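Here the structure comes first, spelled out in structure tokens, and everything after it is commentary.
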Amino acid sequence: MQQKIIEGIINGDRRMVARAISLIEDEASEKETILSAIFPYTGKAYCLGITGAPGAGKSSLVDQLLVLLRRQGLRVGVIAVDPTSPFTGGAILGDRIRMQEHALDKAVFIRSMGTRGNLGGLSRATKDVIQILDAFGKDVVIIETVGVGQSEVDIIKYADTTVVVLTPASGDSVQTIKAGIMEIADVFVVNKADLPGADRTVSEISMMLDLGGKKRAWRPPIVRTITLDGSGVGELHRALLDHREYLTSSGRLEKAREDRVRRDIVDLIEYKVKSTIWRQVSGSAEFELLVSRIMSRETDPYAAAVQILRSINLNGLSP
């Protein structure tokens with residue numbers, strides 16, 4: 001079955017792709033074998049991140065972008081990260097409902113994923129699902145984050161181009177401008193631009209970009225959109241193409257992807273080491289004894305951590 005899934009991903013079998021993503025989300029034992037086998041077929045897809053506050057219209061914007069990308073004949077994968085259901089642990093699927101128009105398009109693959117308690121607006125499986133969709137033959141992979149707060153900026157770890165979506169008259173534009181999320185944008189979108197306050201929001205973003213007086217190699221454009229009628233979406237698409245051209249011609253795209261590989265290796269090492277340590281420590285008599293000794297102030301957490309590390313056998317790490 002494992003080999004069937006691998007061949008299905010490479011040969012464009014949607015059912016096998018869906019099954020592979022489910023295995024990845026469930027941390028199944030087959031996960032690493034599948035990802036290793038498809039890796040030579042990855043590296044072609046361009047990743048576009050769409051992030052912003054809840055209610056900014058991210059899903060509607062993605063829906064409109066899908067129309068333009070399909071007109072170009074591009075194959076598109078969408079990872080829509082939804083809030084996790086407190087009952088099932090799955091995604092609530094609100095984003096997929098808004099993109100229902102593309103459900104029958106075989107060149108579009110939409111997957112809703114729950115955050116499952118992960119912070120940063122993304123699911124922990126996001127990176128691996130991007131690999132699956134890349135090997136599946138998608139030209140563009142769009143990652144739509146769950147509605148994020150001021151410091152949840154994990155999208156930059158995965159996206160080649162990041163779009164930050166804001167809305168006018170929401171009462172939080174000034175607060176958002178102070179936040180780290182504003183620093184990750186390659187393109188700003190002021191959605192619902194027909195509402196009062198759109199001019200002010202554009203001005204605030206522009207002022208923020210000019211703070212410090214330094215000339216930017218890439219100054220993020222500010223695009224106004226109205227997703228109800230598609231206004232401005234064409235301009236947004238042109239801005240995305242311009243940013244991709246800038247990254248490619250300057251060599252920044254290759255450098256960013258190289259840095260991403262370094263970070264992925266470190267993340268995987270940390271994950272494997274933590275998993276191995278926790279398997280050996282969790283529920284052990286030594287661990288519970290140390291907890292008791294800390295509670296009675298016979299030792300402290302720092303000394304306990306050192307003692308545990310000295311007793312850990314890291315030979316159990318997977319090759």
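The values are calculated or read from the model by the stated rules, or taken from the named source; none is laboratory data. All values derive from a computational prediction rather than experimental measurement. With ideal geometry, Cβ positions are generated from the backbone for all residues, glycine too; neighbour counts draw on all protein chains shown.
Listed by first and then second residue, the pairs with beta-carbon distance under 6 Å, at least 6 apart or on different chains, first residue in the stretch 224-249 and in contact (Cβ under 8 Å) with a residue 24 or more places away in the chain and among the aliphatic types (A, V, I, L, M), second surrounded by fewer than 20 Cβ atoms within 10 Å (Cβ to Cβ) and not in a helix (DSSP H, G or I), are ILE226/ASP194; ALA239/PRO221.
Screening the stretch 190-284 for helices (runs of 4 or more DSSP H) wholly inside it with 2 or more residues that are within 23 Å of the chain's Cα centre (by Cα) returns the ranges 233-250, 252-281. Could you check, for the stretch 181-198, whether at least one of its residues is farther than 23 Å from ALA53 by Cα and surrounded by 12 or more Cβ atoms within 10 Å (Cβ to Cβ)? No, the stretch 181-198 has no match at all. Checked against the criterion of being over 28 Å from ALA45 (Cα atoms), assigned by TED's automatic domain parsing to the domain that holds LEU61 and either out of contact with any Leu (no Cβ under 9 Å at 6 or more places or on another chain) or surrounded by fewer than 15 Cβ atoms within 10 Å (Cβ to Cβ) (or both), the stretch 219-237 contains one or more residues that satisfy it.
Considering the stretch 147-162, the residues that are modelled with pLDDT under 90 and β-branched (Val, Ile, Thr) include one that is surrounded by the most Cβ atoms within 10 Å (Cβ to Cβ), namely ILE155. Residues in the stretch 1-47 that are loosely packed, with under 12 Cβ neighbours inside 10 Å, among the hydroxyl-bearing types (Ser, Thr, Tyr) and not in a helix (DSSP H, G or I): SER29 only. None of LEU68, LEU61 is closer than 19 Å to HIS243 by Cα, surrounded by 15 or more Cβ atoms within 10 Å (Cβ to Cβ), out of contact with any strand residue (DSSP E or B) (no Cβ under 9 Å at 6 or more places or on another chain) and outside the structural domain of ALA18 (by TED's automatic domain parsing) except LEU68.
May I ask you to list the residues in the stretch 48-58 that are out of contact with any helix residue (DSSP H, G or I) (no Cβ under 6 Å at 6 or more places or on another chain) and either of a type in the set (A, V, I, L, M, F, W, C) or in the same structural domain as LYS4 (by TED's automatic domain parsing) (or both)?
LEU48, ALA53, ALA56
In summary, ASP95 fulfils each of the numbered conditions (1) within 17 Å of the chain's Cα centre (by Cα); (2) modelled with pLDDT of 95 or more with the single exception of condition (2). Considering every residue within the stretch 163-184, establish whether at least one is at pLDDT 75 or above, part of a loop (DSSP other than H, G, I, E, B), under 15 Å from the mean Cα position of the chain (by Cα) and closer than 20 Å to ALA239 by Cα. So far as the stretch 163-184 goes, no, none of its residues is at pLDDT 75 or above, part of a loop (DSSP other than H, G, I, E, B), under 15 Å from the mean Cα position of the chain (by Cα) and closer than 20 Å to ALA239 by Cα. When you scan the stretch 297-305, do you find a residue that is of a type in the set (Lys, Arg) and assigned by TED's automatic domain parsing to the domain that holds ASP199, even just one? No, that holds for no residue.
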